[in-house]
Every structure is written in structure tokens, then in C-alpha cells.
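Here is the structure we will look at, set down as C-alpha cells.
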């Protein structure tokens, strides 16, 4: 891997090797600014009969090169570096750096362990998820399984690596060693490469490390890093995450078909796709000083990311994977978990439940099909609202302050043991929401994307809405590790499509009662009026336009400064505009089916969801 001065990087090629498609983008410095210029894609080739991931990479890079009029791949099938300008009638060629992410072959799959499920095991899970892993299972002393059941479970799984946590420094040794004594006899086998040793990362009580080492034989390759939870009051996830990335490259990727070549080609370590998405969201949150939520909804899973200020004022990053919530392979799970009545409350016309169940089964059998009728589209978007809502509930329950920490609740209270942490995800403090995934990114109208986000996440106060134009966030996440400025410039200018801003009041009342008054002033928009409870309204405010809004909530409603207190802010427009939402929080459509259809029809007409 070559080390380049960021000032000398003018042409960047980035790929994301997904489970089905390898996506390539070209980023170039134009007039002193970095812009994403061309993109291409090709089928991923990690499976048989090709079994070489670089073939798909070369095919995607070749397509980008043809579109750009730039030769990126040489005769021997390698990425050309460094970049050279056009000369002697020959087109320009090559790139200054080549970087890549990967979720091919099922991504990074891990088993995590800890002593107490709600404490050290939860911290280990946060570290693994933050590094971009899918957590297959969590083994803990108190997970209610008998030792032989735990051993059998470890034996059944074929993880890429194991992360062990447990005990604060100077705390329990015995229980940590007991966990090692479950793993050792189970002899877990890695997913790729039968001839190599299972990587185990130990990030627990440092005093137990030597005993853990003695428990394992030569079938395990043990690495010891700093404790994930050195004291109860603090998490130290960085060293474990870094080691996960290193092991991912050295062991997992090196044994996956063709990845040894890809590792040689890249100018920065290959990152798991979700880990890279998390990195770019953390970069944007830090650069702008804001709280961010990002979502990527797929066919089988939904990834949720958040960056919120923690109790000490420092930004805290969390990621969750809802492995049973998705829009094709997992669509039946969504309908079962939410219940068909909850899905149908977002549908503004009558639908036969039996026909809908057939539609769900067809989507599972043919996962790549897209809706061909308005009814099919409305139903799919109704399912997506429930999938996103359930995934967000799971995320908020996971993204908590540390459990088991001594906290003083009031001045008069003595210190009390906190049994369950408080969620740090606060919709009133949310500044930016970023959407990606087929059902959100490829909705026929941008208004539909905005509506799905608002209905599922229920943002409060003033929140910007955006979508990832072509799921470029993974590419930019790995670029941020090499050239943060280039990553942020492309993120703002080419990655995000701003939909607009949602202004929503928290609180409940009776339909028709005053919720808030508003006054909007801008170069193209001058409006004042009143919003009644139950209403939602859309105002035109285009891309690049801003306006000043003053809102006065009625008693009992909160828009960010407290109940009944006035809020004045500058708001940004977008492809949808400015949405004023007086439907209340929590958002509860009417229970009566006929009344619910009428209400949802009014909402969809107000937001122009299905016009034209």
C-alpha cells in the first residue's frame, strides 16, 4: 500500500464488493474540488464458477473507464496507477489511489462473548457491530443456556472470528476463564480456509489474559488487546474495533476467493461495507457538529446507524443490524412481527388480506421484482414503514448509556444501581436523517421517500432529510481514512440528495385543535398560518434555498425549546421542500379502519405522494 500526499491525490477509484453487485465510482479533483464523476457496476464474482472477487472489480472498473474515457485497467487485468494525463493522442489513464470495501460472501460474521449479557457482552457486541460485523450470537454466563448448549451452539456456528470480553480490569477472572473453557472444547471452525487457526480477540480483564491463553490450544490464534470495559463507567471500544479490522484483512479476506490479490491492489485497508458507512456518518457528524441517523434497508436486513452526543458531551456511534427485517427475503417476518393491521394502517384504500399474503409470498420467491401497480407500490411502502419502525425501536433499545453504572438521579437520592441504560437516541436532538436502500432510494417520487422516513422514525422538532444518491457512503467511508476532506466534499455535493426539512411537534391533542402557528420568510417563500392537530402540509422550498421559520406551539406541544415555547430557525429546502407536521408524537393513525383510510388519504394528498 502506497502512502500519498493528500494534495497529490486527484483521481480516486473506489469499489464496494457487495454480495451480488460490485459498484465502482470515480472521484476527480475538478476546479480545486473533489467530485464524483462516473460510476459502473458488474456482478460480484466471489462465488463459483469464477471464485475470484477481482474479476468483478476489473469488470466494474472497466465500465467506469469506458464512461470516463480513461483507461483504468491494463492488459494484464490490473488497476493502473498512478494517474497520467492524456498525451500523444492517447487518452488519460489510471488513478492516484484505489480503495475498496466489501460485504461479499456474507460480510464479516462474528461470535461475541462476555460475562454479563447486559454489560461486558453488550459492549463486545457494540464493538463488533461498529466494526461492520454481523453478530451471529452472544454467549454470556447469564444467557440462560446450559454449558453443553452453549458449547453446541459455538460448534454449530462458523464465524470468521470471535471477540471475547468480560470483567473490568482487576475484576472477575474465574468467569472469564469459564467462557474460554466453553470455546476451547467446541473447536469452532472458520467459514473460509479450513487450514488456518480460528482468530480470537481477547478484550477483557487484563489479569485473566494469561489464563485464557493457557486454556486454548494451537487451533486458536489469540490476540490480546485493551479491555473493552476497563471500568464499569467507561467503554473503550477503539482497540477491539481496530483489531477486528486487522484480523478481517489478515485472516478472513486473505482466505476468501481472490481477496489476497485485492488486498495487494488497494491503497488503504479493505473495510467491511457497514463499517465504512458508519465511518462517513461519524465524519459528517463531527465536521458539522450535528446528531445523525442513517439507515440502509435491504432485502434481508436493515442496518441502522446513529451518532448522538453522549452523557459526557462526546459523540457516541452505534450501529445495529436487524437481521429479520427486510423488503424481500425477510418481508414475511416484517408482516408477522408488525401484524398485518399495522401494515395496512398506512394504506389509503381497501385491500384484501388474502391477496396481500400472496403478494408477500411472491416477493419472497422473486426478491428482485419491483411493484408494477399503484396498489403494489403503496403496500410495499407500507411494509417499509413498519420494517423501519421496528428496526429503529431495536436500535434505540441498543444505543443506550452504559448499564450497571452508578448514577445519581436527584440531589436527595443516594447513588442507585441503574438496571437498564437510557437510550441516547433522542428524536428531538436529531439534526439529519440519511436514507439508503432500494425501497427508499428508488421510490418513484422523492415525496414518498420523505414520507416513509417521517412516518417510521417520527422525527421531532426540526430535522433535515436526505438520501444517498447511489449508495456511495461505503466508498466515502474508506476514503475518509485516507483523505477526509475529499470524502466530506463528495458526501455533501454528490452523495446526499437533500429532500428538505421536517418541522414536527411533539405532543397529542384532539383532531382540529390548534397545534402551532408558523411564519416562514425567504426569497421564494412567504407564508404564515396555523396548523391544526392531525394535519401535515408541504411548502415549496427548492434545492439550495433556505428560509427562516418561526413556530409558536400551543400549550402541551414541543418543537425543541420545551412545551409551548417558540422556536426560530433557518431551514434548508430540497427536492421535496418544507414539511410541517402537526400529526403529533407519538404518531398514531386512527384505529377505525374506515377513518384511518380517510386520514391517510388526506396525508398522502397533502404531501403529493402519488400524484401523476
Considering residues of the stretch 168-187 that are assigned to a loop (DSSP other than H, G, I, E, B) and touching a residue at least 60 places away in the same chain (Cβ under 8 Å) only, the residue nearest to residue 235 (Cα to Cα): 168
Looking only at the stretch 227-240, how many residues end up being within 22 Å of the chain's Cα centre (by Cα) and either surrounded by 24 or more Cβ atoms within 10 Å (Cβ to Cβ) or not assigned by TED's automatic domain parsing to the domain that holds residue 203 (or both)? 1
Residue among 548, 583 that is farther than 28 Å from residue 471 by Cβ and in a strand (DSSP E or B): 548
From the list 163, 129, which residue is modelled with pLDDT of 90 or more, within 21 Å of residue 212 (Cβ to Cβ) and buried (at least 23 other Cβ atoms within 10 Å of the Cβ)? 163
Are any residues in the stretch 115-138 assigned to a loop (DSSP other than H, G, I, E, B) and touching a strand residue (DSSP E or B) at 6+ places or on another chain (Cβ under 6 Å), and if so, which ones? 117, 132
Going through 425, 439 one at a time, which residue ends up being crowded, with 24+ Cβ neighbours inside 10 Å, touching a residue at least 40 places away in the same chain (Cβ under 8 Å) and in contact with a helix residue (DSSP H, G or I) (Cβ under 8 Å, 6 or more places away or on another chain)? 439
Over the stretch 76-114, the set of residues outside any strand (DSSP E or B) and within 20 Å of residue 477 (Cβ to Cβ) is 95, 96, 103, 104, 105, 106, 107
Could you identify the single residue in 465, 453, 432 that is assigned by TED's automatic domain parsing to the domain that holds residue 557, within 23 Å of residue 131 (Cα to Cα) and modelled with pLDDT of 95 or more? 432
Got at least one residue in the stretch 357-380 being in contact with a strand residue (DSSP E or B) (Cβ under 7 Å, 6 or more places away or on another chain) and in contact (Cβ under 8 Å) with a residue 12 or more places away in the chain? no
With criteria (1) in contact with a strand residue (DSSP E or B) (Cβ under 7 Å, 6 or more places away or on another chain); (2) closer than 17 Å to residue 506 by Cα, residue 589 comes up short on (1)
What helices (runs of 4 or more DSSP H), lying completely within the stretch 204-275, carry at least 2 residues that are touching a helix residue (DSSP H, G or I) at 6+ places or on another chain (Cβ under 7 Å) and within 15 Å of residue 132 (Cβ to Cβ)? 238-247
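The values are calculated or read from the model by the stated rules, or taken from the named source; none is laboratory data. Just so it is clear, the structure is predicted and the values come from calculations on it, not from any experiment. Counting neighbours? That spans all protein chains shown, and the Cβs are built from the backbone with ideal geometry, glycine included.
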